[in-house]
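Here the structure is laid out as structure tokens; the discussion comes afterwards.
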Amino acid sequence: MDKAKKFKLFSIRGGVHPEDRKRLSAEQEIEPLPMPPLLHIPLQQHIGAPAEPLVRRGEMVKKGALLARSQGAISAPVHAPTSGRIMGIGGYPAHHASGLSVRTITLKPDGRDEWIDSLDPVAEPFNLAPEEIARRVAEAGIVGMGGATFPSAVKLNLRQRYRLHTLVINGAECEPYLTCDDRLMREQPGQVLDGVRLMARGLGVERVLFAIEDNKPAAQQVMRAAARVYPAVTVVGLPTRYPMGSEKHLVQTLTGRETPARGLTAELGIVVHNVATALAVYEALRHGRPLISRVMTVSGGAIRTPRNLRVPLGTPLSHLIDYCGGFTREPSRLISGGPMMGQPLPSTRVPVVKGSNGLLALTDEEVQGGREMPCIRCASCVQACPCGLVPLEMEAHIRAGSLDSSVRLGLLDCIACGSCAYVCPSHIPLVHCFNYAKGELAARQRAQHKQGETKRLAEARSARMEAAKQAKRAAMLKRKQAQEAKKAPPAEAAPAETTPAENAQAEANP
Amino acid sequence: MTVKSPRSAPYTHARTSIGRTMGLVMLALLPATLFGFYQFGWPAVFLFASTLLAAVLAEALSLRLAGKPPRPFLLDGSALLTGWLLALTLPPWAPWWIGVVGSLLAIIVGKQMFGGIGQNLFNPAMVARVALLISSPLEMTLFTAPAPLFSAQAPGLVESLTITFGNPVGFDAVSSATTLGHFKTELGRGVTLDQAAAGTASLWQLIGGEAAGSLGETSALLILLGGLFLLYKRIITWHIPLAMLGTLALLASLFHLLDPDHYVGPLTHLLSGAAILGAFFIATDLVTSPVSLRGQLLFGAGCGLLVYVTRTWAGYPEGVAFAVMLMNACTPLIDHYLKPRIYGRDRKGEPLSYTEQAEKGGNA
């Protein structure tokens, strides 16, 4: 306890204090959500290449069976959340603002919920080699569950490229409304801690800093109690300030060091993982259970009874809303994730995915939309930006269409935390503007790449044609010479005539 | 589901708006303004009302000409605040047309011709004040001694109307120089500081607001309290006021120590004239001051320096308006060169490199 109190913290720049509204759901115990009649399991629920399906329509699968395998270095497999029949593999609206259709496996649960041991658990996972831990984490389909959905095994393997010394567990949960990590820490501290220590072993690090914001005193207390027997694990209380849960700012708070621009925290010897990810690692290594469900907070002013639910992946959101008593009134916004960085949802049909930590139905009063007015240069955004940017200037450059100068001002250093737009008295949608610019830049880059490739291929083709023409000319010349030679000594016959032509052909071809 | 235009997060917002910001600034000005009304009586109230009314009408007219929706822009309170600040810098018994012409200049020339709210380079109230000072030097420098409401020397309601709106022949105003004006004249005549100080308000009178001056520069204490309220409400940061007053005090102390006979001391500089009003309410104008904290420090220090230079060596006894306008002109330059350091990068914008830093001995 003492060591935690004495832990020296460093300050970060900027940040805001949004109303946290966690009380709506903080005291609701995690409940398992009843199985829905149909599950829609997208093949891409992670950053990287989509998984490759291994099942066919009509096939019966058991709970935990591998449905689709990982494709390439950065990818993750997908498993069956329950036993049942595969109804089909095809397009279904994605858990994304666009609502575009993505490849999705539809599974009809058979109600038996029968397990299959797809990953074989070991009695003592601490005896496993670090490589083996990472391999098993990859096999279980575990990705960053704080919302980033980067394959966790890839992060565990950073050990091979960087000299790591510390694992930081991100229990900040700085987004308003969300309480799923808070509940996990309070209800399953032992399991979470076991997963944390397994990840530390997988990374080959000695020290673990378990960081929890001060607005979750109960979670801090139970985690401290659980960690007391492990001297390597220190539970650290963080000041409550958004965006404390941003990986780079969390590391700066704990160590006083900034991650170099466009770099990884691993360059400082630190890897950050989320609380829910730790629990998934525990389930995979201790019990051989792949990642097939997750805990989500369903909250917001328009939800009748806000709850924390353990939800099978692939459950349509409408099922969660119904379970929470439906809407009390028409929500103004339906959000996946927290209100500061969450994504708008196109409909309630879309399924729960590995990165969904919250489903919020917000009312007009909560959204606090206002009429957009001109910038009055009040500099609130400059003071609020945790990255030291000048949002008002970046916005002005983007509106004027000069994207390159906005990049020079630091557009690509923006973490889209939303602090600037949150404080803006003129209600200017700054993050929206930056997202547009980032998207536009990416599109331009793709176009440029395509143009470059087209040019390269066209040049290669004309060079090839030129070479062929040269070769043809050379061959004709040779043939002519051969014919002239034939005229001189008429006795010479066919074999001599074909050979040079064949040679010329062979020369022209490569 | 209601279909809303897709817009990126955040889907929550701090309870801020332009109207709230402007409202808080006006609230901060209220005590000093009310005290000014008390000290200078009905003429001050009439001048104040004409100035604010003209500002709002000028804004409405400009918005109409520009084809902008009048409601949101009029309700944001910015025109009202500009008029208010201008009124505070006028001699309280000035005729009504000073306030009206000033407001027209502030809103139309100072603000709307640049493109409206947020676009102006110079503080509109200061544009108007400087223009008035140059075009109507007599009206702008005729100050009266305070004559508190309901006191014997205070003008009655009808007399007050003639002072503001008519030709004040009947009433004999007790005209009086401002403290800074008095020092300027006396020191200019070769009188030493001690002798000059005898003929003007004491420091206590300056704090309490019992000296001659414009409507808002009288009570240093109430203006300071208003400024601290703005700091507390985080409408402004401490950087500009502290840098401005600090620089002014530093220079005044330095010269006063070098030559106590001819240079006015720091306390007189801080408490008289528009120093505190300027530091908390005028130089900190959001639109025309730099956005970075380092930039604000430089801006404030520049204002302090120019105020001292104008007051001490230039032709005018008071220099806040000139100082602020000159520094306003530097704001784009300051914003260009003094930006905050980006996370993970050094001041030059290169990504941090810990190996190099270790070689240099870790100087961050």
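Values in this text are rule-based calculations from the coordinates and carry no lab data. Since the structure is predicted, the reported quantities are computational estimates derived from the model, not experimental observations. Heads up, the Cβs are rebuilt from the backbone with ideal geometry, glycines too, and the neighbour counts pull from every protein chain shown.
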Averaged over B:344-353, number of beta-carbon atoms from partner chains that fall within 10 Å: 5
field: Compactness relative to 2.2 N^0.38 Å, alpha carbon Rg of the stretch A:418-475
entry: 2.33
- prompt: In chain B, with Lys and Arg counted as +1 and Asp and Glu as -1 at Cβ, which of these residues, B:L80, B:F40, B:H262, has the Cα nearest the positive end of the dipole, that is, farthest along it?
  reply: B:L80
query: If you count, for each residue, the other Cβ atoms within 10 Å and average over each peptide, how do A:300-306, B:134-140, A:375-381, A:463-469 line up from highest to lowest?
result: A:375-381, A:300-306, B:134-140, A:463-469
- prompt: Calculated FRET efficiency, B:Y337 and B:L250, Cβ-Cβ r, R0 30 Å, to nearest 0.05?
  reply: 0.80
task: Enter the angle in degrees (range 0 to 90, nearest 10) between the Cα long axis of helix A:217-227 and the first principal axis of the Cα atoms of chain A, meaning the one along which they spread out most.
output: 70 degrees
message: If I take the Cα coordinates of chain A and project them onto the principal axes, what are the three extents in Å, biggest first?
response: 107, 61, 48
- prompt: Taking the Cα-to-Cβ direction at B:K68 and at A:E19 and moving 7 Å from each Cα, how far apart do the two end points lie in nm?
  reply: 3.0 nm
query: For the residue pair A:E459 and A:D214, what label-to-label distance in nm results when each label sits 7 Å from Cα along the Cα-to-beta-carbon direction?
result: 6.1 nm
- request: Give me the angle, in degrees from 0 to 90, between the Cα long axis of helix B:239-258 and the longest principal axis of the Cα atoms of chain B, rounded to the nearest 10.
  value: 60 degrees
message: Given 10 °C and 1.306 mPa s, compute D for the stretch A:368-470 with the Stokes-Einstein relation, Rh being the Kirkwood radius over Cα pairs; round to the nearest whole µm²/s.
response: 100 µm²/s
- prompt: By the scheme Lys and Arg +1, Asp and Glu -1, what is the net charge of all other residues having a beta-carbon under 12 Å from that of A:G269?
  reply: +3
- request: DSSP loop (so not H, G, I, E, B), at most 16 other Cβ within 10 Å: list which trypsin sites (Lys or Arg not before Pro) in the stretch A:65-147 pass both filters.
  value: A:R112
Amide N proximity, the stretch B:314-347 versus B:I134 label position 7 Å along Cα-to-Cβ, cut-off under 19 Å: B:314-331
message: For the pair A:L9/A:L38, report the inter-label distance in nm, with labels modelled 7 Å from Cα in the Cβ direction.
response: 4.8 nm
- prompt: Taking every residue in A:41-49, how many Cβ atoms of other protein chains lie within 10 Å of its Cβ, on average?
  reply: 0
task: State which entries of A:K155/A:K354; A:K63/A:K216; A:K248/B:K348 exceed 27 angstrom in Cα-Cα distance in the structure shown.
output: A:K63/A:K216
Proximal lysines to B:K111, defined as alpha-carbon separation beneath 21 angstrom and excluding residues fewer than eight positions away on the same chain: B:K68
task: Using amide H atoms built 1.01 Å from N in the peptide plane, name the residues 5+ places from A:L67, or on other chains, whose amide H lies under 5 Å from its own.
output: A:V78, A:H79, A:A80
query: Counting Lys and Arg as +1 and Asp and Glu as -1, each charge on the Cβ, what is the dipole of chain A about the Cα centre in debye, to the nearest 20?
result: 1180 debye
- prompt: Using unit Cβ charges (K, R positive; D, E negative) and no other charged atoms, how large, in debye to the nearest 20, is the dipole of the stretch B:18-351 about its Cα centre?
  reply: 1280 debye
message: What's the magnitude of the charge dipole for the protein assembly as shown around its Cα centre, counting Lys and Arg as +1 and Asp and Glu as -1 at the beta-carbon? Answer in Debye, nearest 20.
response: 3160 debye
- request: Go through the stretch A:330-338 residue by residue and turn each phi into a ³J(HN,Hα) via Karplus (6.51, -1.76, 1.60, θ = phi - 60°); whole Hz please, and just put x for glycine and proline.
  value: 4, x, 6, 9, 10, 10, 9, x, x
- request: Indicate the gyration tensor shape class of the stretch A:171-267 (rounded, prolate or oblate), computed on the Cα atoms with a ≥ b ≥ c the square roots of the eigenvalues: a/c under 1.5 is rounded; otherwise a/b larger than b/c is prolate and the rest oblate.
  value: oblate
- request: Measure nothing fancy, just the Cα-based angle from helix B:320-337's long axis to the longest principal axis of chain B, in degrees from 0 to 90, nearest 10.
  value: 10 degrees
- request: Take the alpha carbon gyration tensor of the stretch B:128-277, find the square roots of its eigenvalues, order them as a ≥ b ≥ c, and report rounded if a/c is under 1.5; if not, report prolate when a/b exceeds b/c, else oblate.
  value: oblate
- prompt: What average number of partner chain Cβ atoms lie no more than 10 Å from the Cβ of the residues making up A:377-389?
  reply: 6
- prompt: What are the residues whose amide H is under 5 Å from the amide H of B:D346, where those residues sit 5 or more places off or on another chain and H is modelled from the backbone?
  reply: B:L352
field: Overall Cα dimensions of the protein assembly as shown, principal axis frame, Å, largest first
entry: 129, 93, 57
Estimated 222 nm signal from helices in chain A, with DSSP H stretches of n ≥ 4 weighted -39500 (n - 2.57), rounded to 500: -11000 deg cm²/dmol
Most to least packed among A:258-267, B:267-276, A:155-164 [average Cβ atoms within 10 Å]: B:267-276, A:258-267, A:155-164
query: Where does chain B land at 222 nm, in deg cm²/dmol rounded to the nearest 500, when only DSSP H runs of n ≥ 4 count, each adding -39500 (n - 2.57), divided by all residues?
result: -18000 deg cm²/dmol
task: Please label the shape of chain B as rounded, prolate or oblate, based on the square roots a ≥ b ≥ c of the eigenvalues of the alpha-carbon gyration tensor (a/c under 1.5 means rounded; beyond that, a/b larger than b/c means prolate, else oblate).
output: oblate
